[in-house]
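To start, the structure itself, in structure tokens.
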Amino acid sequence: QVQLVESGGGLVQVGGSLRLSCAASGLTFVDYYMGWFRQAPGKEREFVAAIRWTVGATAYADPVKGRFTISRDITRNTVYLQMNSLKPEDTAVYYCAVPRRSNIVPISALAYDDWGQGTQVTVSA
């Protein structure tokens, strides 16, 4: 049983920063991607960032490139999303996710099998 628990969301002003955390349990083979997605009201869920658990290779969506940084702490089974220079367009519920296979392209939500409950990020003007 895989469990993913996000935390760290909240309200921040434009230009501010937040760090999201995703604590994972039940992952017995940690050579997967860990992904962050977000979904705003009335919008489809979109890819934000992903990291290869062991190797550390990363991928970012263009709108967050240069502003967000994904990282992981292997010893704590936790993945982080450091979000800087936040914009109102970043307002969304942020979800972390894990696929069951390691040989995926990590930019599609359909590639992921387990999801956290989400954490709300609101960026105010």
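The values are calculated or read from the model by the stated rules, or taken from the named source; none is laboratory data. The structure displayed is predicted, hence computed values, not measured ones. Don't worry about glycine lacking a Cβ; one is built from the backbone with ideal geometry, like all the others, and counts go over all protein chains shown. We work out accessible area using only protein heavy atoms, side chains counted, and drop any ligands, DNA or RNA first. Shrake-Rupley method; radii C 1.70, N 1.55, O 1.52, S 1.80 Å.
See the values below:
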quantity	calculated
Phi to ³J(HN,Hα) by Karplus 6.51 cos²θ - 1.76 cosθ + 1.60 over region 88-95, Hz, x for Gly, Pro	x, 5, 7, 4, 4, 8, 9, 10
For the chain, accessible area per residue (1.4 Å probe, heavy atoms of protein chains only), Å²	52 Å²
Simple Cβ-charge dipole of region 7-121, Lys/Arg +1 and Asp/Glu -1, about Cα centre, in debye nearest 20	140 debye
Interchain or long-range residues, amide H under 5 Å from G16's placed H	L86
Whether the chain is rounded, prolate or oblate, judged on the alpha carbon gyration tensor where a/c under 1.5 counts as rounded	prolate
Rounded percent of accessible protein surface that carbon and sulfur make up, region 18-125, 1.4 Å probe	50 percent
